[in-house]
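First comes the structure, then the notes that go with it.
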Amino acid sequence: MLDANRYKCCYCGAYVSVCPTCSSMELMETWIEVSQGCKDCSVCTKICPVGALEAEV
Amino acid sequence: MLSVNRYKCCYCGACVSVCPTCSLELVETWIEVSQGCKECGICTKICPVGALEVKA
Amino acid sequence: MKYDVLVVGAGPAGSMAAKTLAEAGLSVVMLEKRQEIGDPVRCAEAVSKRGLKDLVEVDPRWIAADLKGSRVFSPDGASIVLSEEQSGGKTGYVLERKIFDRTLAMEAACAGAEVMVKTRAQGLLKRDGKICGVSAIRSGDTFQIEAPLVIGADGIESKVGRWAGIDTTLKPKDISTCAQFLVKDESIDSNYCEFYFGNKIAPGAYAWIFPKGEKVANVGLGVLGSRSSGIGEPLRLLQEFMKSHLPKGKVVEMDVGGVPVAPQLEAMTTDGVMLVGDAAHQSDPLTGGGIITGMTAGVIAGEVAADAISRGDVKRASLRDYEDRWKEPNGNKLQRHYDLKEFFIGLTDEDLNNLLHSLTNEDTVKMDLRDMLKSLLKLNPKLLWGLRHVIF
């Protein structure tokens, strides 16, 4: 499962742009919402500039 | 239970300033409610945008 | 990490305190929980020119509007004009807080203060019963910062005072809860600040249109907490105000916030802790203005803190000089303004109409807030009987 750390997140939206499932990630005003469509591919975890996203096993 | 609608919240911190039990915290851009909340409802009347509600 | 003084909050009050301390040669760190200083804005941004010039060198980059005066409207729509620089010290310039706050923080940093953003104080550290710093969290990581003296400049939602045993909780009748839009509209007069009074328009407070340049203005209103009858009242009333006053206005930003309109705190310091700005309820209860008062307090607190550190004594007795210097003239004036606010919020719309109408034949253009109140008292002795003991 993808875990977004709100304390680290700087709400830049970069991860949304690389998500291959498109509809599974959304930048709300200042937080990330991950929906059920997420395939745990982890592409976004490498893109986040501050390390706020982690794929949890 | 005190619920914070984060789609409405504009993170101004007004609710924190009136909480008699010091149970609210404005963490950067969201409100955290701690267990000390007595559901008195004062904050719900102070919030300028109606983001707080005491729900049964 | 170890410093002489730690400042919580990088608003104007915190930055002035940090700058003053750094210039005095002390090691100082200033924490800001947001990742950006000055944003989001929760302020109508008007300041007195004289007040500002006494504190900083005015920079055109953060002046959004230079005003000629103010217009005050009664509930029935009648109005009077007050002159520039003489409307209760509230008007003069309208700032661009996003730039202003940043500039002040940079000045503190250039003077030698360390600034940490996205870093939130979570509690005070104590050793042998004495405050010795704060526990902080930055980007999810918790760490400790040591300092024998902590200045709480942490705004309306201040926790520093409450952690240290100073109860800064606001009563609903002592907070004005506000909503504001940044509006583009052809009808906006770029030269005047406008104040609209009325129990239906803005119960226990007022609505404002403060210009920020050509046909752009902060349009907002406050509601006294104890008069807020429903959920999200300020925003709802602001939408109504927009419909009635600026129906074609284009909204490009929304800001909200609470303003302390409270009596003076009995204590603004305790052992190892000082409070400044909104955290110390230093905004003006009558006008809601708090930038100049907060910055003034920041400078005084910085000077007193520097002395206290050099003496090696941060007990309350050693910090009391800050409260004494704040009290006269600032604290006493704000306490009188609190008494005035308590009286004026009890007036009906009819009372407010009568008061304003009584001034329509007076030469208000030359009046400041104090002159206006004096004239009102003279012209309306019966209605303002309750104010006969207030010394202006």
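Laid out as a table, the results:
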| read-out | value |
| --- | --- |
| Order by protection proxy (mean Cβ within 10 Å, highest first), peptides C:330-340, C:97-107 | C:97-107, C:330-340 |
| Shielding of B:4-15 by partner chains, average beta-carbon count, 10 Å | 6 |
| Peptides C:47-55, C:362-370 ordered by average Cβ neighbours within 10 Å, highest first | C:47-55, C:362-370 |
| Net length gained if the chain between C:Met1 and C:Lys215 were fully extended (0.36 nm per residue, minus Cα distance) | 72.2 nm |
| Gained length - C:Val117 relative to C:Ile99, 0.36 nm times residue gap less alpha-carbon distance | 4.9 nm |
| Helix C:369-379 vs. chain C, principal-axis angle (Cα, 0 to 90°, nearest 10) | 40 |
| Average Cα contact separation per residue, chain C, under 8 Å, 6 or more apart, as relative contact order % | 21 |
| Relative contact order of the range A:2-55, pairs being alpha-carbon contacts under 8 Å that are 6 or more residues apart, as % | 46 |
| For residues of B:46-56, the mean tally of beta carbons on other chains within 10 Å | 6 |
| For the range C:296-349 versus the range B:10-43, the gap between their alpha-carbon centres in whole angstrom | 26 |
| Computed [θ] at 222 nm, helices only, for chain B once each DSSP H run of length n ≥ 4 contributes -39500 (n - 2.57) | -3500 deg cm²/dmol |
| Rounded to 5, percent antiparallel among DSSP beta bridges of chain C | 75 |
| Ranked C:Cys110, C:Cys178, criterion: other C-beta atoms within 10 Å, fewest first | C:Cys110, C:Cys178 |
| Estimated inter-spin distance, B:Cys22 and A:Lys39, nm [label 7 Å along Cα→Cβ] | 5.1 |
| CD proxy at 222 nm, helix term only [per DSSP H run n ≥ 4: -39500 (n - 2.57); per residue of chain A; nearest 500] | -3500 deg cm²/dmol |
| Integer Hz, Karplus 6.51/-1.76/1.60 couplings in order for the range C:21-31, x for Gly and Pro | 5, 5, 5, 7, x, 8, 8, 9, 10, 10, 9 |
| For residues of C:233-243, the mean tally of beta carbons on other chains within 10 Å | 2 |
| CD proxy at 222 nm, helix term only [per DSSP H run n ≥ 4: -39500 (n - 2.57); per residue of chain C; nearest 500] | -9000 deg cm²/dmol |
| Distance-filtered residues of the range C:313-352 - backbone nitrogen under 11 Å, label point 7 angstrom along C:Asp307 Cα→Cβ | C:318-326 |
| Rounded to whole Å, sorted largest first: equivalent-ellipsoid semi-axes of the range A:2-55, Cα gyration tensor | 15, 12, 10 |
| Placed amide H near C:Lys126: partners under 5 Å, 5+ positions off or other chain | C:Cys132 |
| Peptides C:298-304, C:64-70, B:38-44 ordered by average Cβ neighbours within 10 Å, highest first | C:298-304, C:64-70, B:38-44 |
| Partner lysines for C:Lys215 [C-alpha distance under 19 Å; skip if fewer than 8 residues away on the same chain] | C:Lys68, C:Lys184, C:Lys243, C:Lys248, C:Lys250 |
| Karplus 3J(HN,Hα) series, Hz, for the range C:306-320 with 6.51 cos²θ - 1.76 cosθ + 1.60 (x for Gly, Pro) | 4, 4, 4, 5, 5, 7, x, 10, 10, 5, 4, 4, 6, 9, 4 |
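FYI, it's all coordinate maths here, none of it is from the lab. Values in this document were obtained by computation on a predicted structure and should not be read as measured data. Methodologically, a virtual Cβ is constructed for each residue, glycine included, from the backbone with ideal geometry; neighbour enumeration extends over all protein chains shown.
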